């Protein structure tokens with residue numbers, strides 16, 4: 001099977017280029033994010049910094065690690081999903097070849113092993129290219145995080161030899177996981193049905209597609225409803241997961257959505273020969289069109305969903321801050337300090353807020369064992385009189 005897979009690679013390499021590039025970029029991004037994450041987790045503030053600067057550096061590392069964790073999860077998901085969609089397209093293009101293989105005596109297990117062997121080759125090639133590309137991505141990602149303020153200027157990610165094994169395992173695992181579903185679907189095709197394009201061979205909307213599509217869409221709607229009452233801290237992870245679930249649900253229902261969108265564009269391009277051919281191609285080649293559109297649905301859905309969620313949360317936080325202020329007119333600082341604002345004509349009162357470092361020590365006792373943990377954090381110091389004069393919040397005793 002491995003020899004037959006290599007022969008298929010040589011003859012139809014065009015069908016596998018997209019999957020190889022996807023594995024390459026997935027390995028590069030995961031390798032880069034993991035190296036920066038490990039380096040940030042073990043990094044320490046340089047000697048000679050003040051307590052406030054040390055606390056700010058530690059908070060920056062914490063925020064960067066949270067962002068890198070999200071990047072890791074999305075990278076693995078997108079890589080596996082795009083490889084799966086690419087192989088679904090590949091199987092759709094090779095249905096007749098696979099049917100001939102079944103007619104000459106090929107068993108279902110042999111068809112699965114053929115596609116999995118191709119996935120193994122794909123994973124090895126993509127990983128081999130992704131490891132050196134990951135070094136470039138690591139430099140670019142570290143520079144971007146530093147420029148955006150997530151990491152301090154002195155931070156330098158460190159190379160770890162064990163990352164080679166992690167990258168190789170991740171690349172091969174993503175390729176095999178992405179091809180697994182396509183190989184099972186290809187093995188179930190009956191030879192005569194595939195050759196004549198009738199019966200179950202032409203059924204694109206399977207029971208599993210209906211179930212997964214409706215399930216993920218329902219989950220996305222539920223998370224959006226819960227995010228509305230969860231507050232900013234709960235709304236951020238819920239919005240990320242909601243966009244992810246909605247994208248997966250739409251991709252599962254893509255055989256219904258793609259022809260519908262094709263008809264809409266066909267109406268807009270009525271009278272054009274090229275537009276008519278494109279519409280007919282989308283309508284007749286539903287399986288091929290759905291496999292091609294699924295990665296774009298997920299990618300665009302994630303980008304639009306994340307941008308909309310973050311913009312909404314930012315606007316909501318600003319509105320909440322405005323509602324908490326109790327004043328007829330409010331002056332926006334525009335980066336000025338409180339001392340400069342107090343000197344402006346017409347400013348009656350300035351509520352100064354100062355960030356100061358603090359240490360929180362927590363002690364837990366369990367039978368004879370006592371565990372003590374100290375965490376550095378930033379506190380907001382305010383003048384009670386001026387703060388209460390311009391805020392609706394009440395000061396609790398103590």
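The values are calculated or read from the model by the stated rules, or taken from the named source; none is laboratory data. A quick note: this is a predicted structure, and the numbers were derived from the prediction, not measured. No Cβ is skipped: glycine too gets one built from the backbone with ideal geometry, and neighbour counts run over all protein chains shown.
Listed by position, the helices (runs of 4 or more DSSP H) inside the range 177-275 whose residues that are in contact with a helix residue (DSSP H, G or I) (Cβ under 9 Å, 6 or more places away or on another chain) and at pLDDT 70 or above number at least 3 are 207-227, 231-252, 254-268.
Just one of the listed residues (351, 291) is surrounded by 11 or more Cβ atoms within 10 Å (Cβ to Cβ) and either farther than 30 Å from residue 257 by Cα or modelled with pLDDT of 80 or more (or both), and it is 351. Just one residue in the set 293, 314 is outside the structural domain of residue 346 (by TED's automatic domain parsing), assigned to a helix (DSSP H, G or I) and under 24 Å from residue 269 (Cβ atoms); that residue is 293. Among the residues of the range 141-169, those that are in contact (Cβ under 8 Å) with a residue 60 or more places away in the chain and assigned to a helix (DSSP H, G or I) comprise 141, 142, 145, 163, 166, 167.
Number of residues in the range 277-286 that are in contact with a helix residue (DSSP H, G or I) (Cβ under 7 Å, 6 or more places away or on another chain) and either free of Cβ contacts under 8 Å to residues at least 40 places away in the same chain or surrounded by fewer than 19 Cβ atoms within 10 Å (Cβ to Cβ) (or both) equals 3.
If you filter the range 143-168 down to residues that are surrounded by fewer than 17 Cβ atoms within 10 Å (Cβ to Cβ) and out of contact with any helix residue (DSSP H, G or I) (no Cβ under 8 Å at 6 or more places or on another chain), you find that the one that is farthest from residue 58 (Cα to Cα) is 165. Selection of helices (runs of 4 or more DSSP H) fully inside the range 1-111 by the criterion of at least 3 residues being in contact (Cβ under 8 Å) with a residue 12 or more places away in the chain and farther than 19 Å from residue 176 by Cβ returns 17-42, 51-93, 95-103. Within the range 237-248, residues that are under 17 Å from residue 69 (Cα atoms) and outside the structural domain of residue 78 (by TED's automatic domain parsing) have Cβ atoms under 7 Å from residues that are modelled with pLDDT of 80 or more and in a helix (DSSP H, G or I) in these pairs: 238/223; 238/226; 241/223, counting only partners at least 6 apart in sequence or on another chain.
Of everything listed in (1) at pLDDT below 80; (2) within 30 Å of residue 160 (Cβ to Cβ), the single unmet condition for residue 133 is (1).
Okay, residues lined up against (1) surrounded by fewer than 22 Cβ atoms within 10 Å (Cβ to Cβ); (2) under 30 Å from residue 355 (Cα atoms); (3) touching a helix residue (DSSP H, G or I) at 6+ places or on another chain (Cβ under 8 Å); (4) outside the structural domain of residue 159 (by TED's automatic domain parsing):
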site: 7; (1), (2), (3), (4): yes, no, no, no
site: 11; (1), (2), (3), (4): yes, no, no, no
site: 25; (1), (2), (3), (4): yes, no, yes, no
site: 28; (1), (2), (3), (4): no, no, yes, no
site: 36; (1), (2), (3), (4): no, yes, yes, no
site: 66; (1), (2), (3), (4): yes, yes, no, no
site: 75; (1), (2), (3), (4): no, no, yes, no
site: 96; (1), (2), (3), (4): yes, no, yes, no
site: 104; (1), (2), (3), (4): yes, no, no, no
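When you check residue 47 against the structure, is it over 28 Å from the mean Cα position of the chain (by Cα), crowded, with 17+ Cβ neighbours inside 10 Å and assigned by TED's automatic domain parsing to the domain that holds residue 76, yes or no? The answer is no for residue 47.
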